[in-house]
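In what follows, a structure is listed as structure tokens, so that the remarks can point back to it.
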Amino acid sequence: MAQTVKAKVAASGGALAEAEARAREACELLTPFLFHQCRARTLQSQMLLAQGHVAEAREVASLGVRRLEGCGSEGTQAVGLRLSLAEACLAEGDTQAGEAALRRALQCLRARAEDIPDAAARERFFHQVPENARTLELARQRWGAAGA
């Protein structure tokens, strides 16, 4: 998990290649720990996409989503991972797969939000958690206000 944190630090400093390498190492080390690995896999996919390695970003995110689906649980990292897959698919020009992944990210996001009884806290969850806000923004871009 320390490698994931180091990857985030490198990413925030603009060292995309270093961040991707650290995230890749974290993925390998966290193989037995699916939900912790999902965070690293999401970051790795994002760093690959930011560097223009679209096909590899999609492959990394797809693998993570398949692992999530295989265990039958979405977990707390599902929105970010599915968002990464959606962005990679869309960047690759695969609108159908990208929009399907985005729809699934929205479903995960809404399902998690249902567990938050306080409306103000729910709004913070939607807009202050970066992957949640990005999911809603991408949905608005794709389908307008009604789709988000």
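Structure data summary
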read-out	value
Unmet criterion (only one of (1) open to solvent by 10 Å² or more (accessible area, probe 1.4 Å); (2) on the phi < 0 side of the Ramachandran plot; (3) touching a helix residue (DSSP H, G or I) at 6+ places or on another chain (Cβ under 7 Å)) for Ala105	(1)
Any chance Leu90 is hydrophobic (A, V, I, L, M, F, W, C) and open to solvent by less than 30 Å² (accessible area, probe 1.4 Å)	no
For Gln44: the one exception among (1) buried (at least 17 other Cβ atoms within 10 Å of the Cβ); (2) free of Cβ contacts under 8 Å to residues at least 40 places away in the same chain; (3) closer than 25 Å to Trp143 by Cβ; (4) among the polar types (S, T, N, Q)	(3)
Residue in the range 1-41 that is nearest to Cys71 (Cα to Cα), counting only those that are open to solvent by less than 80 Å² (accessible area, probe 1.4 Å) and either among the hydroxyl-bearing types (Ser, Thr, Tyr) or not in a helix (DSSP H, G or I) (or both)	Thr31
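This table checks each residue for (1) within 20 Å of Leu34 (Cβ to Cβ); (2) open to solvent by less than 40 Å² (accessible area, probe 1.4 Å); (3) assigned to a helix (DSSP H, G or I).
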residue: Val60; (1), (2), (3): yes, yes, yes
residue: Glu74; (1), (2), (3): yes, no, no
residue: Gly98; (1), (2), (3): no, yes, yes
residue: Leu109; (1), (2), (3): yes, yes, yes
residue: Arg112; (1), (2), (3): yes, no, yes
residue: Pro117; (1), (2), (3): no, no, no
residue: Thr135; (1), (2), (3): no, yes, yes
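The values are calculated or read from the model by the stated rules, or taken from the named source; none is laboratory data. Quantities reported herein were computed from a predicted structural model and do not represent experimental measurements. Using ideal geometry, Cβ is built from the backbone for each residue, glycine included, and neighbour counts are taken over all protein chains shown. Accessible surface is based on the protein model in full, side chains and every heavy atom, while ligands, DNA and RNA are left aside. Shrake-Rupley method; radii C 1.70, N 1.55, O 1.52, S 1.80 Å.
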